[in-house]
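Scroll down for the structure; my scribbles are underneath it.
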Amino acid sequence: MDGYGGAVDGDVVSDLRRRYWSLVVTACEWRAYGVEAPEVMAARVFASLDHGKVADLRALFLAVDKAVAQAYVTNASRRSSLDAIRGLTIVPRRDAARPAALTALSSLREGDRRILQHSYWDDLDPVEIADVLGTDLDVVHRRLDNATRRFTTRLVKRGVRVDDVASLLGQLKPGIHHRQG
């Protein structure tokens, strides 16, 4: 954040771009897999920060959400539903637990899904998650523990044995990009 309530300094945005480019590409990709190139959406995210009043992780993820929404709107106006169906690719199953795990993840309430996805798909650490969500670290730890427990419970109900939740959630993430550094 610029700390003064004024426009964001270009150096602040440049620093964010340097530190979080791969994170933003990864976040854009899994949120809009196959809709638009994640690098294009990431460029849109950082361009929007150049015109904002705040540049921090929370603003960065709000900009990600806006860039992804814009990609969906733009893509929807370019392609018919039939074209979209024709363009679908089948993602090979990595193992038999994948469909049950995806069902379990999708059955969680939005807050649980979001915190698990921030942790395991965006590769944010708890401090970064607290920044993105605008809450404190204790709340993040509690919410992450609760969401993991609820996810595991849903898996067990579907007959899936869970040895490593982090690995399983990591395998569920769509796309090929991962946060680096």
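Derivation of every value follows stated rules applied to the coordinates shown; laboratory data play no part. Keep in mind that what you see is a predicted model, and the values were worked out from it rather than measured. Every residue, glycine among them, receives a Cβ derived from its backbone with ideal geometry; neighbour counts consider all protein chains shown.
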By a straight-distance test (C-alpha under 27 Å), which lysines pair with K53 as possible cross-link partners, with residues fewer than eight away in the same chain excluded? K66
What list do you get for E39, E110, E128, E29 if you sort them by fewest beta carbons within 10 Å? E110, E39, E128, E29
What's the exposure ranking of H177, H118, going from fewest to most Cβ atoms within 10 Å? H177, H118
Between the range 102-181 and the range 22-64, the Cα center-to-center distance that results, in Å: 20
In Hz, Karplus ³J(HN,Hα) per residue of the range 130-146 (6.51, -1.76, 1.60; θ = phi - 60°; x = Gly, Pro): 4, 4, 5, 7, x, 9, 9, 4, 4, 5, 4, 4, 5, 5, 5, 4, 5
